[in-house]
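The values are calculated or read from the model by the stated rules, or taken from the named source; none is laboratory data. In this text, all values refer to a predicted model and were calculated from it rather than measured experimentally. All Cβ positions, glycine included, derive from the backbone under ideal geometry; neighbour counts span all protein chains shown. We work out accessible area using only protein heavy atoms, side chains counted, and drop any ligands, DNA or RNA first. Shrake-Rupley method; radii C 1.70, N 1.55, O 1.52, S 1.80 Å.
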Amino acid sequence: MRLHRLPKLLQRLLPHTEWRGPALEGKKTLYLTFDDGPIPEETPFVLEQLARYEAHATFFCVGQNLERHPDVARQALAAGHRLANHTHHHVSGWQLPLPAYLAEVQQCQQMLNAFGEMHRPLLRPPYGRITRAQAAALHPNYRLIMWDVLTYDYDVTYPAEICLRAALAHTRPGSIVVFHDSQKAHRNLRAVLPRYLDACAAQGYSFETL
């Protein structure tokens, strides 16, 4: 069973987390996010699609990929997108003690700071897995971003047509939508993202960074 949107009861189990973006008066706004990059195989494709709709997005970056592909990250910044923290090695908070998890976040943030990030940092825990203690420790310095729509584009068993229909069915003003600029998501990302952007733009949505 795929839960594209977690029930509010489960969301409340994690205080300090954000599941939807701000509602902007008079606008139908979506907050597109892309996890696990930047990588040269997929991120430039995403940037090309976003540019077609003058869409801005937030890229939750794995620190290792920032180290390996800084030029790709700079392309995203130059296009008006935002870089954010996805830990240095894409780790599950459920499997690490608090000091080790905080070190993972800090290592990635040091990479992001080198790109000139000046806002209050954003963090999305990989897999959405973070403990209450980790969230409480990070919340004073980070906005902890979860999602309103998880597309499951990374699921290689998920047909692209169903992936698209489900993502559109769950989309609403203020949705934080998760795609992945990763090689695992290659098939669905390329089949779904252009059509998702086109359908949402036709419905009058605009696309902003968090």
Could you list, ordered by first residue, the pairs with Cβ atoms under 7 Å in which the first is in the stretch 156-167 and under 12 Å from ALA191 (Cα atoms) and the second is small (Gly, Ala, Ser), at least 6 apart or interchain? ALA160/ALA191
Are any residues in the stretch 1-60 modelled with pLDDT under 95 and aliphatic (A, V, I, L, M), and if so, which ones? MET1, LEU3, LEU6, LEU9, LEU10, LEU13, LEU14, ALA23, LEU24
So THR29 clears everything in (1) polar (S, T, N, Q); (2) buried (at least 19 other Cβ atoms within 10 Å of the Cβ); (3) in contact with a strand residue (DSSP E or B) (Cβ under 7 Å, 6 or more places away or on another chain) except one condition, right? Which one? (2)
Any residue at all in the stretch 36-44 that's hydrophobic (A, V, I, L, M, F, W, C) and either crowded, with 18+ Cβ neighbours inside 10 Å or in a helix (DSSP H, G or I) (or both)? no
Only one of ALA135, ALA84 that is in contact with a Cys (Cβ under 9 Å, 6 or more places away or on another chain), of a type in the set (A, V, I, L, M, F, W, C) and in contact (Cβ under 8 Å) with a residue 60 or more places away in the chain: ALA84
State yes or no: is GLN75 at pLDDT 95 or above, closer than 30 Å to PRO173 by Cβ and open to solvent by 40 Å² or more (accessible area, probe 1.4 Å)? yes
Residue tally, condition part of a helix (DSSP H, G or I), over 15 Å from the mean Cα position of the chain (by Cα) and either farther than 15 Å from GLN64 by Cα or basic (Lys, Arg) (or both), over the stretch 102-128: 1
Scanning the stretch 76-109 residue by residue, the ones that are touching a His at 6+ places or on another chain (Cβ under 9 Å) and over 18 Å from GLN134 (Cβ atoms) total 4
Take the residues of the stretch 141-179 that are among the polar types (S, T, N, Q) and either within 14 Å of ALA199 (Cα to Cα) or not in a loop (DSSP other than H, G, I, E, B) (or both): which is farthest from the chain's Cα centre (by Cα)? THR171
Out of PRO126, PRO70, sole residue that is surrounded by fewer than 18 Cβ atoms within 10 Å (Cβ to Cβ), under 28 Å from LEU47 (Cβ atoms) and not β-branched (Val, Ile, Thr): PRO70
